[in-house]
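Undergrad: Input: one structure, supplied below.
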């Protein structure tokens, strides 16, 4: 069954990718969807077996790279952490498959699209099912590729190609971090397998080794490299720039890859590597710092974006920040819990956004839609549910994980904890503001679009509706159902899959924190919603006037709207410099310049002149000939001198003199 | 007659029969194809039949060249040379297929030079005599020189052919001198004798440098690489394929077979130099590739970057690095021919190699785009392809011995993604350019069957490299034992 779980999506990919012509595009799509749904069923069974009855499973398939000390196998290994990921991945994936059948139905390349989705699912499964870092790396790079293919699915659009390339290149920066971590594992532990590495990690805690000629702590070094890897995939600050651009892909892709599954791979790796991170306080500090900054930065940027999908993308980025700083505070289970909850409501938001875009002729600028609540009540209700879950409205899904994260950070009693808490709380305020801003501008406010858009506006068709309903239910209830299972004090669910250094266990403190402090996030959330309603809904004129006349505020607004100028800095200081170097310096100056002159061009240039001068010696005049006879005779007579060093020197100087005389 | 002799002689005999028997043109092509193809199963059988655990040469044949002088030429196979022989026998028929319809002038000569090249290459990988190796190493230049000079695409081809010849010859002069010095000391060119003999350290330093120059130009390392982009751009598709697939690998093979075991102290002494040059190659070539507008030139520069990784692995001084370099040699020997064949497919149709004339081919040539995408991602070393296995092992081998070099080299991973996908996006994505309206034709059957085995091998080595790797262990461990 585990093998089926793993291979069904691959089968779907093969069939719909290679034989799409035989089955027709709808047929291929149905086959692939059926395969993924089967895989989904299997993963529920796996969740029951592994998670609820605590029987981890490991299957070793066949060897991959076995050289020297490295022994890696293609394998399937399911423990609690993996089981949670499996359920999330396959559920969201099968719903997105169903959604896409209808959403992409007019595209001639539907079969290709579905096959890419299945390929992605397969690669993501191979990432979470790995029992060694090498196979994880396979899935890791593979999902990057799948994301490239899916973002650039509408390949005739230049923006899509640019976004896809950007995504894979920036991901690759993170991948280098992960690859280096792998090399460190091989160097230090002589293995890439989780079991070996995790059981030995405590033995090398606080030992040092030479990395790039610097003496560094082994586990800190590995941890930082893993963090770089995780930042690339999970779009943490610095390596996040690809995620907002990735919305250029079709909306189901954004829902599946850039909200629910692929971007959470970084959080998964952090949770998976907990036995390493736990022995390095420095790394944990970095992780929480990076996460907190990301949450804050992305939330501020999300405030002023005008593209419907971009707002949701920044919100994803911000929520990923929450997950990462939860991991940094050693609350891996919490991070993973938020991950699974987030998957549901964020997929719901993206798919809902897809409904809007579908309904009104592909318009996704928030300033040019509005008043849709009356035309699309079904979509509106789902987006409302998703948004409420996102902002952490009490007793919806987001509440149980997001508020728990803030509570735990409060009860950490460290500078980092406090920092994370306040960054998190302020981000919650912003989250609530932009979520309600989206609702107001899109659904409640004055209709700003073209009349024809509204005339032809239609509610979601059957398949789309079918796939939204489970997500909506999930956004309402998952948190409530799973809270005690995942987070309850002393829950046996996680078993060995997550390791927390006993000192850092802070569940009791979190439970006993003062109630008033626990209610701060809720207060901030309500405040954000209120601000949003009063400024965007009731008094938009005042807001715009303020924006227009206040110089300071406008600079600030532009800064946020330009996404903190990250893209500009990267483009101008890195990309341009590299491209300049590649052409002007390495190609023009070195290759076609210096090396060419020293090589072929120089030879062509020098030798004709040289040979001309040698020709001039062959003048045919008698006295020239006599002169050379005398030189030759002298040379022969002196030849014994060769064997002594003085004579050699003498001859060379005579030779030089002759050469100078002649030329 | 042993298998090995058939393997070497069959292409020669076929080429001879092409010259003397009067076939029609179509028959000639078929005869040449079969002549090039027959050695493939033989070489595969020879490879599979090798004894994994035996570190000595296998299938040995000895010829006494000058009776009475005790000088024998030894031919044989071991785990290191067998895969390269198979790769040669595999790529040569592909090259003949690549020129199936395009070559119109001098068909006989074209086919003959392919068969000669195949025979010479098989011989160069099977010989275990340094002098014969040197002679054959040089002799492979002749067919490729002719091929570029006659069947190249533009007038600049003459310049390119000269450059190829002169550069290689320049390095070989030093190698020849080194050979004389070796003979003066040892008195034999036999591999077994050479391995057993000791050179003084000063002499090793000198010999290493001259070998390094010869192999470094062939492979090519960075300051002496100029001939490669020129030759690739001007050569016909088949020429580029064999150049990237096999001829470059001669340098790597030379390093592994001769330099490492013979000059072990010098290798230790020069390792930092080689690492520096390789790093330079990786970074420099990666950045240069980003701005090429000629597709073939882009692939040529990317080859230089990959070769940098190979040399990094060869000089890493541990088994992982050595195995990695061999796998990467094989992987690159499959992937870059694939890319050159892709470009050949485009050139056959549209007669231009400039990137800016292409765009949006995914819409009109989906099968081609899929194949091109596959080779692009294999070129950037995505896990699951042969290149990844090689690169990963090279890097991790290098990381064991010199981790700063490995860290710097890893940055090549980023730029390789950039240039491979940049090229792919420009050609296959975007809007359709007018050039695609000249002729809309996806891969035909001949082309499909050219690509299919390449794709299969790339995936096979990428997912299940064990059969390849396990054969490499013993010979490489011996080299390691002797060398480091």
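Undergrad: Of all residues in segment B:421-468, which are part of a loop (DSSP other than H, G, I, E, B), exposed (fewer than 14 other Cβ atoms within 10 Å of the Cβ) and more than 13 Å from every other protein chain (Cβ to nearest Cβ)? Talk me through it step by step, then tell me what you get.
TA: Filtering segment B:421-468 down to residues part of a loop (DSSP other than H, G, I, E, B) leaves B:429-433, B:438-444, B:464-465.
Applying the additional criterion that residues be exposed (fewer than 14 other Cβ atoms within 10 Å of the Cβ) yields B:431, B:438-441, B:444.
Within segment B:421-468, B:438, B:439, B:440, B:441, B:444 meet the criteria.
Residues are listed down the side, and each one gets a yes or a no for (1) surrounded by 24 or more Cβ atoms within 10 Å (Cβ to Cβ); (2) within 17 Å of the chain's Cα centre (by Cα); (3) within 12 Å of another protein chain (Cβ to nearest Cβ):
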position: B:260; (1), (2), (3): no, no, no
position: B:271; (1), (2), (3): no, no, no
position: B:280; (1), (2), (3): no, no, yes
position: B:286; (1), (2), (3): yes, no, yes
position: B:294; (1), (2), (3): no, no, yes
position: B:300; (1), (2), (3): yes, yes, yes
position: B:307; (1), (2), (3): yes, yes, no
position: B:311; (1), (2), (3): yes, yes, no
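Undergrad: Sort through A:199, A:195 and tell me the only one that's surrounded by fewer than 21 Cβ atoms within 10 Å (Cβ to Cβ), away from every other protein chain (no Cβ under 12 Å) and either over 14 Å from residue A:134 (Cβ atoms) or in contact with a helix residue (DSSP H, G or I) (Cβ under 7 Å, 6 or more places away or on another chain) (or both).
TA: A:199
Undergrad: Scan segment B:402-409 and tell me whether some residue there is assigned to a helix (DSSP H, G or I), over 27 Å from the mean Cα position of the chain (by Cα), facing another protein chain (nearest Cβ under 8 Å) and at pLDDT 90 or above.
TA: Initial filter on segment B:402-409 (assigned to a helix (DSSP H, G or I)): B:403-409.
Filter once more, so that each one left must be over 27 Å from the mean Cα position of the chain (by Cα): B:403-404.
Narrowing further to those that are facing another protein chain (nearest Cβ under 8 Å): B:403-404.
Filter once more, keeping what is at pLDDT 90 or above: B:404.
There is at least one residue in segment B:402-409 that is assigned to a helix (DSSP H, G or I), over 27 Å from the mean Cα position of the chain (by Cα), facing another protein chain (nearest Cβ under 8 Å) and at pLDDT 90 or above.
Undergrad: Of the numbered conditions (1) touching a strand residue (DSSP E or B) at 6+ places or on another chain (Cβ under 7 Å); (2) within 11 Å of another protein chain (Cβ to nearest Cβ); (3) surrounded by fewer than 24 Cβ atoms within 10 Å (Cβ to Cβ), residue B:354 fails exactly one; give the number of that condition.
TA: Of (1) touching a strand residue (DSSP E or B) at 6+ places or on another chain (Cβ under 7 Å); (2) within 11 Å of another protein chain (Cβ to nearest Cβ); (3) surrounded by fewer than 24 Cβ atoms within 10 Å (Cβ to Cβ), only one is false for residue B:354: (2).
Undergrad: For segment A:89-104, state whether one or more residues are farther than 22 Å from residue A:469 by Cβ and either within 11 Å of chain B (Cβ to nearest Cβ) or in a helix (DSSP H, G or I) (or both).
TA: Initial filter on segment A:89-104 (farther than 22 Å from residue A:469 by Cβ): none.
No - not one qualifying residue is present in segment A:89-104.
Undergrad: For segment A:143-152, state whether one or more residues are surrounded by fewer than 23 Cβ atoms within 10 Å (Cβ to Cβ), in contact (Cβ under 8 Å) with a residue 12 or more places away in the chain and over 24 Å from residue A:21 (Cβ atoms).
TA: no
Here is a yes/no grid of residues against (1) modelled with pLDDT of 90 or more; (2) within 14 Å of chain A (Cβ to nearest Cβ); (3) within 22 Å of residue B:26 (Cα to Cα):
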| site | (1), (2), (3) |
| --- | --- |
| B:104 | no, no, yes |
| B:129 | no, no, no |
| B:136 | yes, no, no |
| B:155 | no, no, no |
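Undergrad: Looking for whichever is away from chain A (no Cβ under 14 Å), touching a residue at least 24 places away in the same chain (Cβ under 8 Å) and not in a helix (DSSP H, G or I) here; the options are B:172, B:188. Which one fits?
TA: On the way: B:172 fails: not in a helix (DSSP H, G or I).
So the residue among B:172, B:188 that is away from chain A (no Cβ under 14 Å), touching a residue at least 24 places away in the same chain (Cβ under 8 Å) and not in a helix (DSSP H, G or I) is B:188.
Undergrad: Criterion first (assigned to a helix (DSSP H, G or I), over 17 Å from the mean Cα position of the chain (by Cα), farther than 23 Å from residue B:36 by Cβ and touching a residue at least 12 places away in the same chain (Cβ under 8 Å)) does residue B:230 satisfy it? Write out each step before concluding.
TA: Values: assigned to a helix (DSSP H, G or I): yes; over 17 Å from the mean Cα position of the chain (by Cα): no; farther than 23 Å from residue B:36 by Cβ: yes; touching a residue at least 12 places away in the same chain (Cβ under 8 Å): yes.
It is false that residue B:230 is assigned to a helix (DSSP H, G or I), over 17 Å from the mean Cα position of the chain (by Cα), farther than 23 Å from residue B:36 by Cβ and touching a residue at least 12 places away in the same chain (Cβ under 8 Å).
Undergrad: Could you list, in sequence order, the residues of segment A:161-191 that are touching a residue at least 60 places away in the same chain (Cβ under 8 Å) and either in contact with a strand residue (DSSP E or B) (Cβ under 8 Å, 6 or more places away or on another chain) or more than 8 Å from chain B (Cβ to nearest Cβ) (or both)?
TA: A:162, A:163, A:166, A:167, A:170, A:171, A:174, A:178, A:186, A:190, A:191
Undergrad: Taking the conditions exactly as written (within 14 Å of another protein chain (Cβ to nearest Cβ) and either within 15 Å of the chain's Cα centre (by Cα) or surrounded by 21 or more Cβ atoms within 10 Å (Cβ to Cβ) (or both)), does residue B:164 satisfy them or not? Lay out the reasoning, then the answer.
TA: Details: within 14 Å of another protein chain (Cβ to nearest Cβ): yes; either within 15 Å of the chain's Cα centre (by Cα) or surrounded by 21 or more Cβ atoms within 10 Å (Cβ to Cβ) (or both): yes.
Considered against the rule, which asks whether it is within 14 Å of another protein chain (Cβ to nearest Cβ) and either within 15 Å of the chain's Cα centre (by Cα) or surrounded by 21 or more Cβ atoms within 10 Å (Cβ to Cβ) (or both), residue B:164 comes out as yes.
Undergrad: Is segment A:424-435 home to any residue that is at pLDDT 90 or above, more than 27 Å from the chain's Cα centre (by Cα) and within 22 Å of residue A:404 (Cα to Cα)? Spell out how you get there, then give the answer.
TA: If we filter segment A:424-435 for residues that are at pLDDT 90 or above, which is where we start, we get A:424-435.
When the remaining residues are screened for being more than 27 Å from the chain's Cα centre (by Cα), the result is none.
No, segment A:424-435 has no match at all.
Undergrad: Has segment B:65-86 got at least one residue that is free of Cβ contacts under 8 Å to residues at least 24 places away in the same chain, within 22 Å of the chain's Cα centre (by Cα) and under 21 Å from residue B:241 (Cβ atoms)?
TA: There is no residue in segment B:65-86 that is free of Cβ contacts under 8 Å to residues at least 24 places away in the same chain, within 22 Å of the chain's Cα centre (by Cα) and under 21 Å from residue B:241 (Cβ atoms).
Undergrad: Continuing with this model, one more query. Across segment A:202-223, what is the total count of residues that are within 14 Å of chain B (Cβ to nearest Cβ), surrounded by fewer than 22 Cβ atoms within 10 Å (Cβ to Cβ) and touching a strand residue (DSSP E or B) at 6+ places or on another chain (Cβ under 9 Å)?
TA: Residues flagged as within 14 Å of chain B (Cβ to nearest Cβ), surrounded by fewer than 22 Cβ atoms within 10 Å (Cβ to Cβ) and touching a strand residue (DSSP E or B) at 6+ places or on another chain (Cβ under 9 Å) within segment A:202-223 amount to 5.
Undergrad: Residues B:328, B:367: which one is within 13 Å of chain A (Cβ to nearest Cβ), closer than 21 Å to residue B:244 by Cα and either touching a residue at least 12 places away in the same chain (Cβ under 8 Å) or surrounded by fewer than 24 Cβ atoms within 10 Å (Cβ to Cβ) (or both)? First the steps, then the outcome.
TA: Numbers: B:367 fails: closer than 21 Å to residue B:244 by Cα.
So the residue among B:328, B:367 that is within 13 Å of chain A (Cβ to nearest Cβ), closer than 21 Å to residue B:244 by Cα and either touching a residue at least 12 places away in the same chain (Cβ under 8 Å) or surrounded by fewer than 24 Cβ atoms within 10 Å (Cβ to Cβ) (or both) is B:328.
Undergrad: Pick from A:378, A:413, A:345, A:423: which is surrounded by fewer than 20 Cβ atoms within 10 Å (Cβ to Cβ), in contact (Cβ under 8 Å) with a residue 60 or more places away in the chain and within 26 Å of residue A:293 (Cβ to Cβ)?
TA: Working: A:378 fails: within 26 Å of residue A:293 (Cβ to Cβ); A:345 fails: surrounded by fewer than 20 Cβ atoms within 10 Å (Cβ to Cβ); A:423 fails: surrounded by fewer than 20 Cβ atoms within 10 Å (Cβ to Cβ).
Going through A:378, A:413, A:345, A:423 in turn, just one is surrounded by fewer than 20 Cβ atoms within 10 Å (Cβ to Cβ), in contact (Cβ under 8 Å) with a residue 60 or more places away in the chain and within 26 Å of residue A:293 (Cβ to Cβ): A:413.
Undergrad: Then there is this: What residue, among those in segment A:1-43 that are within 18 Å of residue A:139 (Cβ to Cβ) and out of contact with any helix residue (DSSP H, G or I) (no Cβ under 6 Å at 6 or more places or on another chain), is surrounded by the fewest Cβ atoms within 10 Å (Cβ to Cβ)?
TA: So, considering only residues that are within 18 Å of residue A:139 (Cβ to Cβ) and out of contact with any helix residue (DSSP H, G or I) (no Cβ under 6 Å at 6 or more places or on another chain), the one surrounded by the fewest Cβ atoms within 10 Å (Cβ to Cβ) is A:3.
Undergrad: Given the options B:386, B:417, name the one that is within 11 Å of another protein chain (Cβ to nearest Cβ), buried (at least 24 other Cβ atoms within 10 Å of the Cβ) and touching a helix residue (DSSP H, G or I) at 6+ places or on another chain (Cβ under 7 Å). Walk me through how you get there before you give the answer.
TA: Values: B:386 fails: within 11 Å of another protein chain (Cβ to nearest Cβ).
One residue alone meets the criteria, B:417.
The values are calculated or read from the model by the stated rules, or taken from the named source; none is laboratory data. The model shown is predicted, which means the values in this text are computed figures rather than measured ones. Glycine also receives a Cβ, built like all others from the backbone with ideal geometry; neighbour counts cover every protein chain displayed.
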